[in-house]
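Right, one structure below, let's go through it.
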Amino acid sequence: MDLDKVNRKNIIIGVLLNIVSTVAFSVIVYFMLQKGEIQQKTAGSDATNFLYVLIAVSVIEILTAIFLRKKMYFGPTIKSKENFQKDFEERAFIVAIVLSAFAVAIAVYGLILFFMTHNPLIFICFAAVSILFFLYIRPKYTLLQDSLARQEQLVDEQRFYNEKDPFSILK
């Protein structure tokens with residue numbers, strides 16, 4: 001199996017989902033500030049409360065993604081021994097998309113808060129956390145190697161992914 005190809009594909013999707021979209025959000029914020037379309041205003045208590053809620057949601061997302069990363073890479077993900085390579089590549093791609101979505105959501109929260117408060121610093125903080133989190137959780141070659149070895153072990157033990165029970169991956 002060509003793990004380099006799998007890893008490259010996963011990194012590309014991660015970069016597109018995270019880095020490119022965060023840069024696009026930054027461009028939106030920049031042009032809105034440059035055109036003077038928005039006036040700096042004081043955020044009300046609702047916006048402040050929403051800020052705290054989105055910070056909490058972001059922390060929960062980060063912890064959930066870290067937990068799911070381990071389970072999704074090392075739980076049973078192969079449907080059949082005959083389709084081992086195809087199943088492994090598909091699952092690795094799905095995991096990359098899911099984890100990237102967790103990371104980019106944080107930048108989206110920052111953008112939403114920017115629209116509410118017109119404070120670019122809030123967006124910048126959320127965008128920075130999003131990018132740093134992506135850099136931590138991004139697909140790594142060594143992780144794919146370890147996952148491949150674990151999937152081979154699970155197949156030898158006759159433990160396969162059960163499509164009827166999608167949570168079997170968490171067991």
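What follows is calculated from the coordinates using simple rules that are stated; it is not laboratory data. None of the values given here were measured: they were computed from a predicted structure. Positions of Cβ are backbone-derived with ideal geometry, glycine not excepted, and every protein chain shown enters the neighbour counts.
Of interest is the spacing of the C-alpha centroids, which for the stretch 55-126 and the stretch 135-164 amounts to 17 Å. Against the main long axis of the alpha-carbon atoms of the chain, helix 45-74 sits at an angle near 10°. Sorted ascending by nearby beta carbons within 10 Å, beginning with the fewest, SER100, SER147 become SER147, SER100. Taking Cα atoms only, the orientation of helix 141-156 departs from the longest principal axis of the chain by about 40 degrees. Among the listed values (i) 62, 29, 24; (ii) 46, 43, 31; (iii) 86, 38, 28, the one matching Cα extents along the principal axes in Å as calculated from this structure is (i). Helical content of the chain, expressed as a calculated mean residue ellipticity at 222 nm, amounts to -25500 deg cm²/dmol (DSSP H runs of 4 or more residues, -39,500 (n - 2.57) each, divided by residue number, nearest 500).
Using the Cα gyration tensor of the stretch 46-130, with a ≥ b ≥ c the square roots of its eigenvalues, what is the shape: rounded (a/c below 1.5), prolate (a/b larger than b/c) or oblate (neither)? Write out the running numbers ahead of the final one.
Details: a/c = 4.49, a/b = 3.00, b/c = 1.50.
In terms of gyration-tensor shape, prolate.
Neighbour counting of Cβ atoms within 10 Å sorts the residues LEU17, LEU144, fewest neighbours leading, into LEU17, LEU144.
Could you please rank THR77, THR48, placing first whichever residue has the fewest other Cβ atoms within 10 Å of its Cβ?
Working: THR77 23, THR48 13.
So the residues, fewest neighbours to most, are THR48, THR77.
Excluding residues fewer than 8 places away in the same chain, name every one of the lysines whose C-alpha is closer than 20 Å to that of LYS164. The qualifying lysines are LYS71, LYS79, LYS81, LYS86.
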